[in-house]
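The values are calculated or read from the model by the stated rules, or taken from the named source; none is laboratory data. Only a predicted model underlies this, so the values are computations on that prediction, with no experimental measurement involved. We place every Cβ from the backbone using ideal geometry, glycine too, and count neighbours over all the protein chains shown.
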């Protein structure tokens, strides 16, 4: 049971997210320390973390998808922008509004905004299981037909 849980997409996703978060916060903290405004420090860190995150999730976390780079990349960019804007705003509220240190504000925004929304978007929209597409019925039959299979 523990081996199955540790090997699940959730565990791999959280691990990948942890590494992306380290990249994000090291860069964001560095930018903030250099005097870059909070919003841009947060967005810069989040962008660097997101680029790592996309390729790591594509390769390691969601191995059971069949999404092309163009398809998954377009969806990923959309969600990165939306979630990144929300993350930046929450970080600003926490740092500039409540006076929390940058790193505390950014980590809190990660827990409140990024972690839950990213996992849901990654699994069910950006990198859905390939078997879901194959079992969706007649809509897929034309697509499979292009790969050499017949529709029956």
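Laid out as a table, the results:
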read-out	value
Per-region count, the stretch 59-81, residues at pLDDT 90 or above and either under 14 Å from residue 109 (Cα atoms) or buried (at least 20 other Cβ atoms within 10 Å of the Cβ) (or both)	2
Per-region count, the stretch 116-152, residues modelled with pLDDT under 85, surrounded by fewer than 15 Cβ atoms within 10 Å (Cβ to Cβ) and assigned to a helix (DSSP H, G or I)	13
